Amino acid sequence: MLLMAYGSPTSLEEVEPYYTHIRGGRRPSPQALQELQERYRAIGGSSPLPAITQRQARALQARLGEGWQVYVGMRHWTPWIAEAVSRMAADGIREAVGVALAPQYSRMSVELYVEAAEAARRELGAHSLQVRYVRSWCRHPAFVRCWADRLARALAAEGFQQAHVLFTAHSLPERILQWNDPYPQELHDTCQAVAAACGLERARWSFAYQSQGRTPEPWLGPTLEQALQELARQGLRRVVVCPVGFVADHLEVLYDIDIEARAAALRLGMELARTESLNDASDFIEALAHVVTAAAAQVEEGLARAGGR
Ligand code: FEC
């Protein structure tokens, strides 16, 4: 299995090359770099994302058992997706399932993970390695249940029983709408399924795009801050943020929600709580295992059909 994640720098010195890679090779301005380093500093100097990804991989390996080998590849930092593909080819792997740790598909997110893996496969000339990619798993019942359980727990906390639920996911440039990109619909479907599993009426929840990029083009909104302002205007005082587009604790969760949005909520006279992240919790690993084995079963079925022809 090729498990693909975003990747993160492990020290403040690594932030500049990491940021340059995210920006497609364009170096950030000194001011933008300093601001990003400040955000990492505010969450303790580095993100827990790389360690969590490795824990997820180990747990998945243990759950999938013999016959499976889990390889980790990151999109923006080491170990790179290309390194993982190279190791798979060197180990003689012929069939694999590829999953990005981003549940909702967009050409500007999941497809770029797939492209990185496919480019590596082509460059290595690894023609005998076939990877079946799972491009979306945002509606998988086991994944939906993971979020529903965490949301139910957050809404059971004292004072939050009637709180408004604000689902969030990473924003993308508005131009994805011109391509009819499925990202907004995929997000809507995840939110609706989680809300239904928790028995939430439509008026009890809304959605915001968080962590807009620092680029001149317009990004999808409303932003998290705009959504909080609207809820405050409606007189709401307590909100639970449920970031359904992310599967781990990292900068966008620990800084953008826990520090930045919480401070914004406080200024608006509101109290903000957040659902626990999925990380390497056993129910989430179980959900991922279902996603992977279902994709593998489809490959087997296809091979059997081809063989019987
Ligand atoms: O903890 C960490 O160190 C890494 C946290 C992290 C995650 C993440 C997930 C997504 N991003 C997505 C799209 C974009 C686009 C740009 C962009 C920029 C950044 C920057 C940082 C960053 N992202 Fe990220 N993202 C994370 C971190 N992201 C840092 C650079 C500073 C900034 O703009 O805030 C804009 C690129 C450009 O400037 O040209 C686009 C999407 C996801 C969710 C799916 C996924 O996880 O792959 C989409 C985690």
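Some points to look at:
- Filter result for residue 169 (surrounded by 14 or more Cβ atoms within 10 Å (Cβ to Cβ), closer than 25 Å to residue 49 by Cα and in contact with a His (Cβ under 6 Å, 6 or more places away or on another chain)): no
- Filtered residues of region 171-202 (kept if over 20 Å from residue 147 (Cβ atoms) and more than 16 Å from the ligand (Cβ to nearest atom)): 180
- Subset of region 1-35 that is touching a Pro at 6+ places or on another chain (Cβ under 6 Å) and not β-branched (Val, Ile, Thr) - its residue that is surrounded by the fewest Cβ atoms within 10 Å (Cβ to Cβ): 19
- Test: residue 154 is touching a residue at least 60 places away in the same chain (Cβ under 8 Å), in a helix (DSSP H, G or I) and closer than 23 Å to residue 7 by Cα: no
- The set of residues in region 120-140 being touching a residue at least 24 places away in the same chain (Cβ under 8 Å) and either exposed (fewer than 15 other Cβ atoms within 10 Å of the Cβ) or of a type outside the set (A, V, I, L, M) (or both) consists of 121, 123, 128, 130, 132, 133, 135, 136, 137, 138, 139, 140.
- Leading residue by the ranking (surrounded by the most Cβ atoms within 10 Å (Cβ to Cβ)) among those in region 36-87 that are of a type in the set (D, E, K, R) and over 23 Å from residue 113 (Cβ atoms): 39
- Some residue of region 95-113 being more than 17 Å from the chain's Cα centre (by Cα), exposed (fewer than 15 other Cβ atoms within 10 Å of the Cβ) and at pLDDT 95 or above: yes
- When region 120-132 is filtered for residues that are in a loop (DSSP other than H, G, I, E, B) and of a type in the set (S, T, N, Q), only 128 remains.
The values are calculated or read from the model by the stated rules, or taken from the named source; none is laboratory data. Computed from a prediction, not measured in an experiment: that's the story for all the values here. Every residue, glycine as well, gets a Cβ built from its backbone with ideal geometry; the counts of neighbours run over all protein chains shown.
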